[in-house]
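**Q** Here it is: the structure, laid out below.
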Amino acid sequence: MSAESQQTSRPVKTARTGLARQVTALLGFLVLSYAVSLLGSMSILDNASGWYATATKAPWAPPGWVFGSVWTVLYTAMAVAPWLVWRQRSAKTRGAMTAYGIQMALNLAWAPTFFGMYPVWGDAALWLALLLIVALFLAVTATVILFGPISTTAGLLMLPYISWIVFSASLNFYAAANN
């Protein structure tokens with residue numbers, strides 16, 4: 001085999017390996033994102049028909065089905081965004097991915113605190129959940145700021161999440177102040 005044909009065949013093999021790695025990584029980010037969603041939703045499902053059904057909710061609170069629809073879109077965007085950053089492998093990727101991991105941990109902690117801890121801690125759980133959602137807002141904002149220079153698309157994909165967090169924080173504040 002000539003040197004020229006070896007060079008021609010190598011990029012094809014590398015491209016296939018690269019494509020498989022890219023798909024595997026995207027699937028990994030999707031699994032992580034949906035796992036956080038599933039774990040968080042467990043405490044919601046356990047309490048939606050319990051204390052939360054009779055709780056005083058904000059007049060601007062949407063019907064329950066809206067939350068599932070919105071979060072499905074957001075968790076998908078929250079998986080694609082870090083994948084886009086991961087693909088770039090820049091010097092800034094590690095810090096951006098650390099911020100992403102922190103916000104995912106805070107995201108995971110919020111629902112069990114708000115929904116799951118209320119029967120035990122009462123109003124204190126709702127105020128603690130409010131602190132968590134403020135920390136989540138700051139962590140997602142940092143993630144957007146760190147993602148943007150690496151991948152503009154990744155930063156933009158996280159912006160609706162920030163908007164939803166602000167909206168959710170308003171619902172959390174109302175619940176804490178009125179229950």
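**Q** Of the conditions (1) in contact with a helix residue (DSSP H, G or I) (Cβ under 9 Å, 6 or more places away or on another chain); (2) modelled with pLDDT under 90; (3) among the basic types (Lys, Arg), residue 10 fails just one. Which one is it?
**A** Here residue 10 meets the rest and fails (1).
**Q** Among the listed residues 174, 161, identify the single one that is under 27 Å from residue 97 (Cα atoms) and among the aromatic types (Phe, Trp, Tyr).
**A** 161
**Q** Further, regarding this structure: Could you tell me whether any residue of the stretch 32-45 is part of a loop (DSSP other than H, G, I, E, B), more than 12 Å from the chain's Cα centre (by Cα), modelled with pLDDT under 95 and not aromatic (Phe, Trp, Tyr)?
**A** No, the conditions are met nowhere in the stretch 32-45.
**Q** Within the stretch 128-143, is even one residue under 22 Å from residue 39 (Cα atoms), at pLDDT 95 or above and more than 19 Å from the chain's Cα centre (by Cα)?
**A** yes
**Q** Give the stretch 13-31 a look and list any residue that's at pLDDT below 85 and not basic (Lys, Arg), or say none.
**A** Matches in the stretch 13-31: 14, 15, 17.
The values are calculated or read from the model by the stated rules, or taken from the named source; none is laboratory data. This is a predicted model, so every value here is computed, not measured. FYI the Cβ positions are ideal-geometry reconstructions off the backbone, even for glycines, and counts take in every protein chain you see.
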